[in-house]
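Visitor: A single structure is presented below for examination.
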Amino acid sequence: MLIAFGTAILTILLLASTQIEQKLNNNSKDIDLVVGAKGSPLQLILSSIYYIDFPTGNIPLKEANELAHNPFVKRAVPLALGDNYNGIRIVGTDSNYISLYGLTTQSGKFWQADLEATIGSNVAEEQGLKVGDTFFGAHGLTENKDLHKDHAYKVVGILAPQGNVTDNLILTNVASVWEMHGEEANGETEGKEITSLLIQYRSPMSVAMFPRMVNQMTSLQSASPAMESTRLFSLIGVGLILCNVLPF
């Protein structure tokens, strides 16, 4: 009986381990590097890909744009974080984000103008939101205490279920996030900031050259989703390994 129970627990743990690993891979798929403010590389990955931690800070838009046009970079996707709706993160980004994750809509369209939002399928279901509805974002990542009552978002689209983190996000343009914090989207980069960049490499040579260049020649830091996800999974795996051997 004890052996059978132990085998059942082991099977459950291994299945959970596999599902966690698959979920991590689905969310970080096709992202080679994340560039953000200096701090913990793991925190940068968790906040910019999995949206389960606070960002390490903001980075100058001017410096981010320079990196985005680097010859080693195929695609650079800006992220502007800092607001939420009922604990759901509002992500300011651009159309490159749509291509990166292969997003499609089940109703409505993708955001275009300021204060337009395209929401994840889980967000629509759990919050009872539909195309045409409006809502107010709040400052911070987890609470609704500091509402931006002067600026309402309008839902213009709902994503088809993606099976990744985008099911639980609210997507808009970067200018909307700036507007919420009193910054004008006037085309000037001086003084403006974003949270991070999601990078896709142009060639295999980028793997060796680009992260080193970012870390040594800029005020920013780079973090590898593959390396940090492996590190995260290894931390989770320590507990799984201990549990695996306990029944025997």
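Read-outs throughout are calculated quantities, based only on the coordinates presented, and are distinct from any laboratory measurement. Values in this document were obtained by computation on a predicted structure and should not be read as measured data. Note: ideal-geometry Cβ built from the backbone for every residue, glycine included; neighbour counts use all protein chains shown.
Visitor: For the cross-link pairs Lys38/Lys109; Lys74/Lys192; Lys38/Lys145; Lys38/Lys74; Lys38/Lys192, which exceed 25 Å when the distance is taken from alpha carbon to alpha carbon?
Guide: Among Lys38/Lys109; Lys74/Lys192; Lys38/Lys145; Lys38/Lys74; Lys38/Lys192, the Cα-Cα distance tops 25 Å for Lys38/Lys109; Lys38/Lys145.
Visitor: What size of dipole, in debye to the nearest 20, comes out for the range 80-149 about its Cα centre when the only charges are +1 on Lys and Arg C-beta atoms and -1 on Asp and Glu C-beta atoms?
Guide: 60 debye
Visitor: Which lysines, on any chain, are close to Lys149 with Cα under 22 Å apart, when same-chain ones fewer than 8 places away are left out?
Guide: Lys130
Visitor: Specify whether the C-alpha gyration tensor of the range 98-203 places it in the rounded, prolate or oblate class, a ≥ b ≥ c being the square roots of the eigenvalues: rounded for a/c under 1.5, otherwise prolate if a/b is larger than b/c and oblate if not.
Guide: Because a/c hits 1.5 or more and a/b fails to exceed b/c, the range 98-203 counts as oblate.
Visitor: Order these peptides, 170-180, 90-100, by their mean beta-carbon neighbour count within 10 angstrom, highest first.
Guide: 170-180, 90-100
Visitor: Can you tell which of Ile119, Asn215, Gly140 lies farthest toward the positive end of the dipole of the range 68-215, using +1 and -1 charges on the Cβ of basic and acidic side chains (Lys, Arg; Asp, Glu)?
Guide: Value computed over the given set: Asn215.
Visitor: With a sphere of radius 15 Å drawn around the Cβ of Asn70, what net charge do the other residues whose Cβ falls strictly inside it have (Lys, Arg +1; Asp, Glu -1)?
Guide: +2
Visitor: Something else now. Please quote Rg/Rh for the range 28-245 to two decimal places, taking the Kirkwood radius as Rh and restricting both calculations to Cα atoms.
Guide: With Rg and the Kirkwood Rh in hand, the quotient comes to 0.98.
Visitor: Over all directions, what mean area does the Cα convex hull of the range 28-141 project, stated in square nanometres?
Guide: Reported value for the Cα convex hull: 7.8 nm².
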